[in-house]
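Below is one structure; the comments refer to it alone.
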Amino acid sequence: MNDSGPTPADASVFRAVLHPHRSLPPKGFLILMLAIGSVSFVSGMVFLMMGAWPVMGFFGLDVALVYLAFRLNYRAARAYELVELTPRTLTVTQVSASGEAKSIAFNPYWVRVLFSERPDGGNHLKLASHGNELEFGRVLNDDERRDFATALRRALDARRMSFSA
């Protein structure tokens, strides 16, 4: 009998999906656009009544540009990273906003989590093994990257302890 389902050796020990933070939910975006649109329309009407009708178009252009900027921002938010530790591998899958995925697997016994602080207070998070390095966690802010490095190190240490047992 050939069972193609996941085996206990393939079950996740640690799994995290890293998404960029967006502070304005879609409902808030709608409210903001309605407010900007209303202010622009009323201001444009004032200029129209004063005889400066071309200004009305610029107010409309401003609203369109703000809308476009937010839509591009929300599109970029579709990018994410999946970090999954199984008993056999640590896999990082980076998915771009367009949906293109790139996966890199490491042996959990040999991989190291490299966390470095910059003088300006920023930081970098990398995985390193056998001369290969992968920077990841760029979608997180500095504090989240620091916390994630600690959590991933703990998961890897626990996994290494089970190798010894």
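The values are calculated or read from the model by the stated rules, or taken from the named source; none is laboratory data. Computed from a prediction, not measured in an experiment: that's the story for all the values here. Note that we place each Cβ from the backbone using ideal geometry, even for glycine, and neighbour counts take in every protein chain shown.
Scan the stretch 36-56 and give yes if some residue there is over 15 Å from Glu135 (Cα atoms), touching a residue at least 60 places away in the same chain (Cβ under 8 Å), surrounded by 11 or more Cβ atoms within 10 Å (Cβ to Cβ) and of a type outside the set (Gly, Ala, Ser), otherwise no. Within the stretch 36-56, not a single residue is over 15 Å from Glu135 (Cα atoms), touching a residue at least 60 places away in the same chain (Cβ under 8 Å), surrounded by 11 or more Cβ atoms within 10 Å (Cβ to Cβ) and of a type outside the set (Gly, Ala, Ser).
So, Ala16, is that one in a loop (DSSP other than H, G, I, E, B), among the aliphatic types (A, V, I, L, M) and in contact (Cβ under 8 Å) with a residue 12 or more places away in the chain or not? No: the conditions fail for Ala16.
Against the test of being among the aliphatic types (A, V, I, L, M), touching a residue at least 24 places away in the same chain (Cβ under 8 Å) and either surrounded by 15 or more Cβ atoms within 10 Å (Cβ to Cβ) or not assigned by TED's automatic domain parsing to the domain that holds Met33 (or both), the options Val95, Val111 yield a single qualifying residue, Val111. So, Asp143, is that one more than 16 Å from the chain's Cα centre (by Cα), part of a helix (DSSP H, G or I) and among the acidic types (Asp, Glu) or not? Here the answer is no, as Asp143 does not meet what is asked.
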